[in-house]
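A.B. asks: My questions will all concern the structure given below.
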Amino acid sequence: MLPIHDTIPSRSPPLATWLLVGVNALVFALELGVSERELTGIFYHLGVVPARYTDPAWASWVGLPQSWWPFVTSAFLHGGWLHIISNMWALLLFGDNVEERMGGARFLIFYLLCGVASNVLHVVLNAGSTVPAVGASGAIAGVMGAYLFLFPRSRIIVLLPILFYPLFYELPAIVYLAFWFYLQLFSGVLSLAAPADVGGIAWWAHVGGFAAGAVLHRAFVLPKSRRPRAWQPDEWRIENAWSGRGWR
């Protein structure tokens, strides 16, 4: 299921979300300009390699100095076009509404904290891994966790391709996001039980980020007096065509 749109419009430009997308796009453009060998080195030095923190002897042997910066910098690195496009699409879809509830500065701090939390859980549950974990998906999972609790009655328009026929349908945000989280958790458990049966996706980073977003979001939400005015029923435009009503 590919999420296409939600039914909650924004009242103000999501500048922080756009900034994050721009920074990720810039970093990815720089990645495209280096050789494969250089990019591998960047991933190992700026991505999160669990064994770097759990096996100092191995880290010293391969030339990885002890540094905590990768818990932040890894969220701005991506392994390919599909990786960055899917992540930035999700950030734009869910980030604007969460940012509006938090304000730009608070949203940026929240986003980074979720990214750090996602990497911590990844290291804890994949302690012996020597593969660098990169990508913004853990931080974005935190945004999705916040969205679940801030906009549970929102509707998500999703695309389900059946052969060559694109099927669009609408799901409550609470259903879509709960199902998404279940898939990450199930895949994470499977990766621990049978690592050979799953791909190179950091499932536990997704779980950790989502959980962090669900727990931390209340500490970052602006007081009601500082939020943009909510949409009134007669102000809804195309968003209302999907559901026939407006939920805020």
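A.B. asks: Need the failing condition index for residue 79 against (1) at pLDDT below 95; (2) in a helix (DSSP H, G or I), just the number.
C.D. replies: The failed condition is (2).
A.B. asks: Still on this structure, please answer the following. From the list 158, 120, 124, 98, pick out the single residue that is touching a Phe, Trp or Tyr at 6+ places or on another chain (Cβ under 9 Å) and not in a helix (DSSP H, G or I).
C.D. replies: Just one listed residue meets the conditions, 158.
A.B. asks: With (1) over 12 Å from the mean Cα position of the chain (by Cα); (2) surrounded by fewer than 20 Cβ atoms within 10 Å (Cβ to Cβ) as the list, and residue 83 as the residue in question, which single condition is left unmet?
C.D. replies: Among (1) over 12 Å from the mean Cα position of the chain (by Cα); (2) surrounded by fewer than 20 Cβ atoms within 10 Å (Cβ to Cβ), the lone unmet condition for residue 83 is (1).
A.B. asks: Could I ask something else about it? Show the residue pairs meeting these rules: Cβ distance below 7 Å; 6+ apart or different chains; first residue within segment 92-117 and under 23 Å from residue 4 (Cβ atoms); second residue part of a helix (DSSP H, G or I) and of a type in the set (Ser, Thr, Tyr).
C.D. replies: Sorted first by the residue in segment 92-117, then by its partner, the pairs are 92/17; 94/147; 95/17; 96/17; 97/147; 98/147; 99/17.
A.B. asks: Tell me yes or no: at least one residue of segment 34-41 is basic (Lys, Arg) and in contact with an Asp or Glu (Cβ under 8 Å, 6 or more places away or on another chain).
C.D. replies: no
The values are calculated or read from the model by the stated rules, or taken from the named source; none is laboratory data. As the structure is a computational prediction, the values presented were derived from the model and not from experiment. Every residue, glycine among them, receives a Cβ derived from its backbone with ideal geometry; neighbour counts consider all protein chains shown.
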